[in-house]
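Q: My questions will all concern the structure given below.
The values are calculated or read from the model by the stated rules, or taken from the named source; none is laboratory data. Just so it is clear, the structure is predicted and the values come from calculations on it, not from any experiment. We place every Cβ from the backbone using ideal geometry, glycine too, and count neighbours over all the protein chains shown.
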Amino acid sequence: MFNDILNSFIDPILVINKEKVIKYVNASFEETFYVNSNFILNKNLNSIIDEDSPLILLINKTIKNAINLKEDKLIISLRNQSKKQLKVSIFNTFVEKDLIVIHFEQNLKNQTFIYHKINSKISQSFSALVDMLMHELKNPLSGIVGATQLLQKDLQSSNYVEMLDLIKFEADRIKTLLSNMENLSAGEGNVSLENINIHKVLNYCKSSAKNSYGKEIIFEEIYDPSLPDFYSNEELLIQIFTNLIKNGCEAQNNKGKIILKTSYNANKKFLLNENDLPEIKPLQIEVIDFGMGIPESDLQNIFDPFITKKHNGKGLGLSIVSNSIRTLDGSIEVNSENGCTNFCLNFPLQKSEGLS
């Protein structure tokens, strides 16, 4: 029963005895710290964290004085992993007097993690911008198509006809793209959905990167092969992950490593729907790079259109990502610290209302 209670926590939980032997970790701990309970249970805590770590020092103080302790800003670093700043509570248990429970919590006050609700004012302002562009671009395109059709009637040369066909084809293609963007900006459910294998999409985006801007990037794939297909739109997913992978490559000067990770995470019940009610979006995809990182002061604005620190950048990539995720009823969160930037996306597995 004790384990059942601890496993109900959505925050990471670690239980040790007074000899600092690991007796229990919940699923959230495994997910947060990238560890497998099968490899760490019944081992000393020193096997995964340095003896001089601030966490170990706090635990030692708890054991020595038999008191409960709390630290709002504690740097946690498991061996060979990037550091995380977390809120930590350590307390003795009454159920098993030899056991100590350690509760980890994201410190939202410091904005270490920034949770972005995709239907935010930022997305709405971007939608208004797209609407304006649609209006201004569709009129000249219609003129180009109309003029091309008139010229096709008068010009008989095969060379001219071929060139005019090409102009008309490309103009029609731009019109289709603009129509898709118009639907996207309005947040309407005019996006067709089908069963999608997320690993197929990620592999396509990775292959595209390897053939162009990411030739010298090492890709590490940590995939959960048991994940089911889910209802989504392949074109929008490719758009999302191409932008995120390209950002990760550029953050490392097109060298280094990018991790693509998928998992089933039913613990993310804190993601909110439009009515501010808890909603489970268990399909989780992470794009992790080890580049220059994003300053804390910039995290709030990275999804704003035209906000960029890149040389010759346009600042539209992450705005497009944000709107595409909103259209697919997904959520995104960003963590960037100590040379590691993690874009973590979550999607529902079932069709959402309003999507066709």
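Q: Identify the residue in region 317-347 that is of a type in the set (A, V, I, L, M) and over 21 Å from GLU279 (Cβ atoms) and, among all such residues, is modelled with the lowest pLDDT.
A: Per the criteria, the residue is ILE320.
Q: Determine whether region 40-63 contains at least one residue that is more than 20 Å from ASN338 (Cα to Cα), under 28 Å from the mean Cα position of the chain (by Cα), surrounded by 13 or more Cβ atoms within 10 Å (Cβ to Cβ) and among the aliphatic types (A, V, I, L, M).
A: The answer is yes, given that some residue of region 40-63 is more than 20 Å from ASN338 (Cα to Cα), under 28 Å from the mean Cα position of the chain (by Cα), surrounded by 13 or more Cβ atoms within 10 Å (Cβ to Cβ) and among the aliphatic types (A, V, I, L, M).
Q: Hey, another quick one. For the structure I just gave you, tell me whether ILE218 is assigned by TED's automatic domain parsing to the domain that holds VAL321 and either on the phi > 0 side of the Ramachandran plot or part of a helix (DSSP H, G or I) (or both).
A: Considered against the rule, which asks whether it is assigned by TED's automatic domain parsing to the domain that holds VAL321 and either on the phi > 0 side of the Ramachandran plot or part of a helix (DSSP H, G or I) (or both), ILE218 comes out as no.
Q: Follow-up. Return yes or no: is ASN233 modelled with pLDDT under 95 and within 19 Å of VAL191 (Cα to Cα)?
A: In short, yes.
Q: Another one. Given the options GLN111, GLN81, GLN85, GLN106, name the one that is modelled with pLDDT under 60 and under 28 Å from the mean Cα position of the chain (by Cα).
A: GLN111
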